[in-house]
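A short worksheet on the structure shown next.
The values are calculated or read from the model by the stated rules, or taken from the named source; none is laboratory data. What you see is a predicted model, and the numbers here were worked out from it, not measured in a lab. Using ideal geometry, Cβ is built from the backbone for each residue, glycine included, and neighbour counts are taken over all protein chains shown. The area values use the complete protein model at the heavy-atom level, side chains included, leaving out ligands, DNA and RNA. Shrake-Rupley method; radii C 1.70, N 1.55, O 1.52, S 1.80 Å.
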Amino acid sequence: MPNAETPARTPGAGPLGPGAGPLGGVRVVELAGIGPGPFAAMLLADLGADVVRVDRPGGPGLGIDPARDVTNRNKRSVVVDLKAPDGPARVLDLAERADVLIEGYRPGVAERLGVGPAPCHARNPRLVYGRMTGWGQDGPLARRAGHDIGYIALTGTLGLIGAPGTPPPAPANLLGDYAGGSLYLVVGILAALHHAREHGTGQVVDAAVVDGTAHLSSMIHGMLAAGAWQDRRGANLLDGGCPFYGTYETADGRYMAVGALEPQFYAEFMRILGIPDQAPARDDPARWPELREAVAARFRSRTRDAWTAVFADSDACTAPVLSLGEAPHHPHLAARGTFTDHGGLTQPAPAPRFSATPTSVRTGPALPGADTAAVARDWALPPDRNPPPGPCPGSVPGPVPGSVPDPAEHNSQ
């Protein structure tokens, strides 16, 4: 249905309601996957975009109960089997009416399924086509499977983390998937969206976890070139080598974090800790092990909460290390509303914040297929001549024979 008439859209308005965020009026199609793609789409949804997630009939290969997957909040869902005869056409109908499309398949898979950049741009030349992979669209590893930990391993960033002489710890999947992946995809999409609105042409955004994670280490590469960073773990100012930038165990087996880098903050830290005259000079790296032990001994003398109270209202740059369950209850985070409760789920609130177009958690996780009729109406989609046996709103679909996700399709995850 090329050149279909699309209803006019007003920024800040639309089916999500006014005041949904600065991306009100922007339409996004997300081809369902796991990891950095859904998180990037959640960021756009949090900012007010009308994100329609195209779920497959059998669900993702990995994942949690859809009703608790907060990365699908503020979205709507339709179910499309891309391997069915009419599947690609249904996605192209969405792409024709969208501003952005996000996919996270291995290179070549979207093309094979008939929803790659060429057919999408033939229907909608202004479309921003966002591709999220671990290795990127080209290079020797482009078509290989992978996960966050392997991507960050090759970039050198995993090797920055942890104590010397021990294996580098896995930093969840925050550093690669979300920082090096999702955030860079969103930056690229927003930049390409601006270009499309200025010049009338869309483009492909190739976001790779390896590229973004390497880019995150730019400052450290500069320090390395300047001789201000040693290319080994636990020997530098910001990697645990410095005794006044790191973590210490307390009497109850919990931890305090210390970041007293500047001299004035260090002086305050040492004064409150109670050993300013007993510790060796901070500027003598040869005596850093001795200084670390002196600091560690003091922290072992009290509980974490006792030290938290001691350092309260100071500029010693010291904070308790909280668990995921504790963090929402910290007085500062509670006062700012850094976390929010929606539908019984405690979750991080949208970030950052906007003075004129505030954001919010408007809806809970989109359940697969629950929004098919509403999306068809709001996006003025053509009638579906072969509707799949989708779930009733609020239900969770079971596996459909022949629709189980193919691991060979996924590069990232």
(request) Would you mention how many residues in the stretch 187-221 are buried (at least 17 other Cβ atoms within 10 Å of the Cβ), among the acidic types (D, E) and without any contact (Cβ under 8 Å) to a residue 60 or more places away in the chain? (result) 0
(request) List the number of the failed condition for Q137; all other conditions in (1) more than 21 Å from L31 (Cα to Cα); (2) of a type in the set (S, T, N, Q); (3) touching a residue at least 24 places away in the same chain (Cβ under 8 Å) hold. (result) (1)
(message) Please go through the stretch 335-375 and give me each residue that is in a strand (DSSP E or B) and surrounded by 13 or more Cβ atoms within 10 Å (Cβ to Cβ), ordered by number.
(response) F339, T340, H342, L345, T346, Q347, P348
(request) Filter the stretch 150-166 down to the residues that are outside any loop (DSSP other than H, G, I, E, B) and out of contact with any Gly (no Cβ under 7 Å at 6 or more places or on another chain), then identify the one that is most open to solvent (accessible area, probe 1.4 Å). (result) L154
(request) Would you mention how many residues in the stretch 86-128 are open to solvent by 30 Å² or more (accessible area, probe 1.4 Å) and assigned to a helix (DSSP H, G or I)? (result) 9
(request) Check the stretch 75-85 and report whether any residue there is touching a strand residue (DSSP E or B) at 6+ places or on another chain (Cβ under 8 Å), of a type in the set (K, R), more than 21 Å from D206 (Cβ to Cβ) and not in a strand (DSSP E or B). (result) no
(message) within 30 Å of D99 (Cα to Cα), out of contact with any Lys or Arg (no Cβ under 7 Å at 6 or more places or on another chain), charged (D, E, K, R) and modelled with pLDDT of 95 or more: is that true of D206 in this structure?
(response) no
(request) Within the stretch 205-240, track down each residue that is of a type in the set (K, R) and either within 24 Å of G181 (Cβ to Cβ) or touching a strand residue (DSSP E or B) at 6+ places or on another chain (Cβ under 9 Å) (or both). (result) R233
(message) Against the definition (at pLDDT 95 or above and surrounded by 17 or more Cβ atoms within 10 Å (Cβ to Cβ)), how does R56 come out, yes or no?
(response) no
(request) For G369, state whether it is farther than 23 Å from L23 by Cα and among the small types (G, A, S). (result) yes
(message) Quick check on the stretch 129-142. Is at least one of its residues open to solvent by less than 70 Å² (accessible area, probe 1.4 Å) and either within 25 Å of Q230 (Cα to Cα) or charged (D, E, K, R) (or both)?
(response) yes
